Each structure stands twice: as structure tokens, then as C-alpha cells.
1. What is the sum of charges, Lys and Arg at +1 and Asp and Glu at -1, for the other residues whose Cβ falls under 14 Å from the Cβ of Asp30?
2. Can you count the Lys pairs in the stretch 68-133 whose Cα atoms are under 14 Å apart, with each pair 8 or more apart or on different chains?
3. Which residue, chosen from Tyr23, Met82, Thr168, occupies the Cα position most advanced towards the positive end of the dipole of the chain, where the dipole is computed from +1 (Lys, Arg) and -1 (Asp, Glu) charges on Cβ about the Cα centre?
4. Mind checking the dipole of the stretch 22-183: about its Cα centre, +1 per Lys or Arg Cβ, -1 per Asp or Glu Cβ, Debye to the nearest 20?
5. If you take the Cα Rg of the stretch 127-184 and divide it by 2.2 N^0.38 Å, with N the number of residues, what do you get?
6. Sum -39500 (n - 2.57) across every DSSP H segment of at least 4 residues in the chain, then divide by the residue count to get the 222 nm mean residue ellipticity, nearest 500.
7. Quick one: helix 123-137 against the long Cα principal axis of the chain, what's the angle to the nearest 10°, folded into 0 to 90?
8. For a distance above 21 Å, tell me the whole-number percent of Cα pairs in the stretch 77-184 that qualify.
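Coordinate-derived values only; no laboratory data. All of these numbers come straight from a predicted model, not from anything done at the bench. Neighbour counts run over all protein chains shown; Cβ positions are idealised from the backbone, glycine included.
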Amino acid sequence: MEGIIVILNQKILMFRRRFVIEYKKIDKKDEKQVRDLIDVVLGGLERKEFFIPYEEWELNSLFDENYAPLHGAYDGDKLVAMAQLYVDQDMLKEFKEEIGISDKKVCELGGNLVLKEYRGMGIMTELHRIHYELAKKLGFDYVISMAHPDNPGSLRALEKAGLEYLKTSTVANGHLRAIYMKKL
Ligand SMILES: CC(C)(COP(=O)(O)OP(=O)(O)OC[C@H]1O[C@@H](n2cnc3c(N)ncnc32)[C@H](O)[C@@H]1OP(=O)(O)O)[C@@H](O)C(=O)NCCC(=O)NCCS
């Protein structure tokens, strides 16, 4: 009986461990983990058009706070998800024009990547919440985001973050995107 309890306890411990996720700013010492996460998730996408691929200059800006604060979800030491809050107004110029808020201070939820085995557990919802609060704290007028119209997980996570659907447009050199926004 004791053995069974021990086995049961071990099972419970293993089960609980899977859900102990820590959310924090990603330190530069974890750059390799970030790049590996990007490679693994983008390499395994069911449809490549769901994610606008990173250009080299963007990868080189991953830890630039003036470009995009970066937060991650960790299972122990393992980085299992990441999200960025794009704050660079030059980079957001095209999207601000598309929405008609060029004169406003806008930030964008983006860089949303979760390892397959950790999806559907609310991890992106929590990372969005962290960035939404950060956007308010930094004094932005609007938070925006975009997702492919056929990417249900991404669309739902934006709705859960409180963003509202605005319209679907072709942006960033031919990418079809449902555009979401929220006035802060
Ligand atoms: C899109 C993605 C970031 C979502 O992350 P996640 O941590 O799984 O999202 P959450 O667990 O916070 O789920 C948010 C909501 O979406 C729903 N959802 C998640 N994946 C879904 C799917 N494939 N189909 C339908 N709904 C889904 C969840 O059920 C939840 O809604 P609910 O609370 O009402 O049930 C993740 O699936 C991913 O990394 N995909 C590959 C990369 C990608 O497409 N990135 C987005 C580019 S814009």
C-alpha cells in the first residue's frame, strides 16, 4: 500500500511539476535558448505563413529594450515560450498608418512562440497579460497585435488579452493579418 502511495505521490509530483511555470524577463545569458526556441517552433509550424520570419537585424535586437522588451516562460531552467512587446515607433510606422493612429504612441504584442508540448495551458495568455500591464505602465496610447486569420490559438489569445478585432489587411510585404487593438 505504501508503495502505491509513493508511486501515486511521484505521479502527482511529476504532474504538478509540469505546470509550475515561471514567467520572467529573458536574460541575455539565455540567448541560445531563445534562438533554439525560435528555430524549433518556426520549424514545426503547421503553416509557415502563421509567423512572419525574423530578419537577422531583428534577431540581433532581441535584447534591446528600446526595440522590444522580451519575457519568457520557464519550466525549471528550460525556456518553453517567449513574447515580445514591440515599442519602437519607427518599426511600427506601417501598422500605425494602416490603422489610422500615426500620431499615437503604440506598442505591439508579438514574437509569440510556445513549444508544442506546452500549448493550450494558458502560457501565452499570461505573457500577454504581463506585456499588457507593461504597456500601460510605459504610458502607451494603444496596444495592437496581428495574427493570421486561420491561426485560432493566436486569435483567441489576443481576445483573452482584451484586444478587439479591427480588420483584416495585407501587411509587411504581403502577409494577411487580422489586426487587433485596444486603447489603453
Ligand atoms: C499561438 C500560440 C502562441 C498560443 O499559445 P498558447 O500558450 O497555446 O495559448 P493559450 O494556452 O494562452 O491559449 C489561449 C486561448 O487560445 C485557445 N487555443 C490555443 N490553441 C488553440 C488552437 N490550436 N485552436 C483553438 N484554440 C486554441 C486556448 O484554448 C485559449 O482559449 P480558452 O482559454 O478560451 O480555452 C501557440 O499556439 C504557438 O506558439 N503557436 C505557434 C507559433 C504561432 O503561430 N505564433 C503566433 C504568431 S502571431
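1. +1
2. Step by step, the pairs that qualify in the stretch 68-133 add up to 5.
3. Checking the options against the dipole of the chain, the answer is Tyr23.
4. For this selection, approximately 520 debye.
5. Expressed relative to 2.2 N^0.38 Å, the Cα Rg reads 1.13.
6. -10500 deg cm²/dmol
7. Once rounded, one gets 50 degrees.
8. 32
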